[in-house]
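First comes the structure, then the notes that go with it.
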Amino acid sequence: SSLTQAISTLRKMLKDSTKSPEFVKTVPKRGYQLICSVERLSPLSADSNTDVEETTSENEVHAAEIETSDAPSTEAAADTTTEVEPQVELPKAQPKPAANTNNWLPRMIVLLSLLLPICVLLFTNPAESQFRQIGEYQNVPVMTPVNHPQINSWLPSIEQCIERYVKYHAEDSMPVE
């Protein structure tokens, strides 16, 4: 879950081990407990000050309740909290921009990728190809594009191919231009 990932990231940044934690303790079947003291370094706005103070006092009360109910196993943790008092600065909560404002770019790219080929097909005409006639066999004209290289050496093979086609497909229609 995202909470587990956030706690893991926090532990990595604080270099806090899971076996002997100094800052965040895992409470089985309950979640996580902050076991270090926290001091405010920079003043926040008046609204967020009260929220932070309420949250901090609730965490301290909750930590005290757990420590008193489970005193033998948490004495070592209590000792480490008095020895090490890191000053953790709480980052200001930044409001996230609405998700809809970030979606316009991918949507525009998809729309553009669909419209561009359609516009090319609708608004451009292919160049008209010009042909030249290189021969006529059995009343069938043989033509090649103007920009095509000369194929005079192939004319006997083309003639033979057309004659066989006409011979075997006499009932069918003849090739058309």
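Evaluate the following for residue 48: is it modelled with pLDDT of 85 or more, part of a helix (DSSP H, G or I), on the phi < 0 side of the Ramachandran plot and polar (S, T, N, Q)? Working first, answer last.
Values: modelled with pLDDT of 85 or more: no; part of a helix (DSSP H, G or I): yes; on the phi < 0 side of the Ramachandran plot: yes; polar (S, T, N, Q): yes.
The answer is no for residue 48.
To keep it simple, each residue is scored yes or no on (1) hydroxyl-bearing (Ser, Thr, Tyr); (2) modelled with pLDDT of 85 or more; (3) part of a strand (DSSP E or B); (4) loosely packed, with under 13 Cβ neighbours inside 10 Å.
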| residue | (1), (2), (3), (4) |
| --- | --- |
| 118 | no, yes, no, yes |
| 121 | no, yes, no, yes |
| 128 | no, no, no, yes |
| 150 | no, yes, no, yes |
| 163 | no, yes, no, no |
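Selection of segment 131-141 for residues being under 26 Å from residue 170 (Cα atoms), assigned to a strand (DSSP E or B) and either in contact with an Asp or Glu (Cβ under 7 Å, 6 or more places away or on another chain) or not hydrophobic (A, V, I, L, M, F, W, C) (or both) yields 133, 135, 136, 137, 141.
The values are calculated or read from the model by the stated rules, or taken from the named source; none is laboratory data. Not measured: the values here are computed from a predicted model. Don't worry about glycine lacking a Cβ; one is built from the backbone with ideal geometry, like all the others, and counts go over all protein chains shown.
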